[in-house]
1. How do the peptides 100-108, 234-242 rank, highest first, by the average count of neighbouring beta carbon atoms within 10 Å per residue?
2. Could you state the angle between the C-alpha long axis of helix 184-199 and the longest principal axis of the C-alpha atoms of the chain, as a value from 0 to 90 degrees rounded to the nearest 10?
3. So, in nm, how far is label ALA82 from label GLN10 when the simple model puts each one 7 Å beyond its Cα toward the Cβ?
4. Take the alpha carbon atoms of the range 158-220, find their center, do the same for the range 99-144, and report the distance between the two centers in whole angstrom.
5. Within the set LYS123/LYS182; LYS140/LYS245; LYS192/LYS284; LYS157/LYS199, which residue pairs have Cα atoms separated by over 22 Å?
6. Looking only at ASP267, ASP143, ASP151, which one moves most when the chain is put into a Gaussian network model with springs between Cα atoms under 10 Å?
7. For the Cα atoms of the chain, what angle does the longest principal axis make with the long axis of helix 273-288, in degrees from 0 to 90, nearest 10?
8. Could you identify which residue out of ALA228, ALA115, ALA169 has the top mean-square fluctuation in a GNM of the chain using Cα springs shorter than 10 Å?
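Just so it is clear, none of the values below were taken in a lab; they were calculated from the coordinates. Everything numeric in this text was worked out from a predicted model, so none of it was measured. Every residue, glycine as well, gets a Cβ built from its backbone with ideal geometry; the counts of neighbours run over all protein chains shown.
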Amino acid sequence: MAEEYGIDLQQIHGTGPGGRIVRDDIEDYRDQQAPQGQPTANILPSAPVTPAQAQPIPVVPATPVTEDDEVIKISRVQSLIARRLSESKQTVPHFYVSNEVDMTALLAMRQLINANVGQGGVKVSINDLIVKACALALEKFPDVNASFKDDQFIRHKRVHVGIAVDIPAGLVVPVIHDANIKGVRTIAREAKVLIEKAKANKLTPADLDGGTFSVSNLGMMDVTNFIAVINPPQSAILAVASTRKQFVPVDGQPVVRDIMPLTLSADHRILYGAMVARFLQEVKALLQNPYDLLG
């Protein structure tokens with residue numbers, strides 16, 4: 001429409017969602033520019049109209065740094081994280097699917113298996129069980145265990161699950177390799193070592209390489225819900241929020257259960273809503289039948 005009417009879109013303030021320019025904006029602009037008393041509804045210009053001179057966009061001056069401000073130079077790791085996350089959001093078309101999991105049975109099982117851990121033994125965390133559930137679900141849904149790179153869809157045969165770890169320098173994602181064929185206690189031991197190495201800044205390239213899927217868990221920080229940014233070239237990342245006691249209907253009666261929200265961020269270039277929803281259903285089924293994780 002703007003081309004037909006010879007209108008410079010830079011002259012129009014959009015009133016649609018997110019500032020989008022819609023049909024009414026163009027028609028309102030034509031009405032404002034038309035000579036008073038002359039109708040414009042059905043008139044097209046007989047010749048191209050030279051667009052009006054675009055007005056310069058006012059530049060908002062940057063907030064000056066004063067002596068009261070602290071200037072912190074970011075580390076090489078923080079710079080790398082910033083660049084990768086910016087690239088991810090700018091180049092990967094994210095979409096999100098959420099679900100809720102009844103964790104009551106899993107919490108009871110975890111308490112039972114950790115009660116038998118001897119002195120010096122490693123206890124299994126909730127995140128270890130989530131990693132195992134995701135790894136088994138990725139076996140069943142190999143398209144989620146995939147990458148998009150150089151205009152190619154790469155489906156990975158091995159399942160390597162990255163775990164997001166908070167460190168003073170930002171965020172790192174060490175990888176538990178072949179998580180689908182490892183027992184939960186082995187996953188727990190490896191995760192503990194990786195987290196300790198991350199906090200001591202002693203992770204090696206081998207600890208960080210090869211991830212095919214990631215889990216970001218903020219459940220220990222009283223988080224109601226959140227969504228995570230995909231770690232390219234991976235196609236998905238699972239965000240785990242805090243487990244809370246809620247009333248849910250069981251056989252028609254309100255019962256208090258431990259409910260945990262999950263949100264999967266997925267790359268829409270290779271994944272689609274129904275597939276991601278089925279993957280989340282599989283993760284949910286495994287967590288709600290936790291002894292299936294021990295087989």
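1. 234-242, 100-108
2. The answer is roughly 60 degrees.
3. 2.9 nm
4. Using only Cα atoms, the two centres lie 15 Å from each other.
5. Over 22 Å Cα-Cα: LYS140/LYS245; LYS192/LYS284; LYS157/LYS199.
6. Looking only at ASP267, ASP143, ASP151, the biggest GNM fluctuation is shown by ASP151.
7. Approximately 30 degrees, to the nearest ten.
8. In the Gaussian network model the winner is ALA115.
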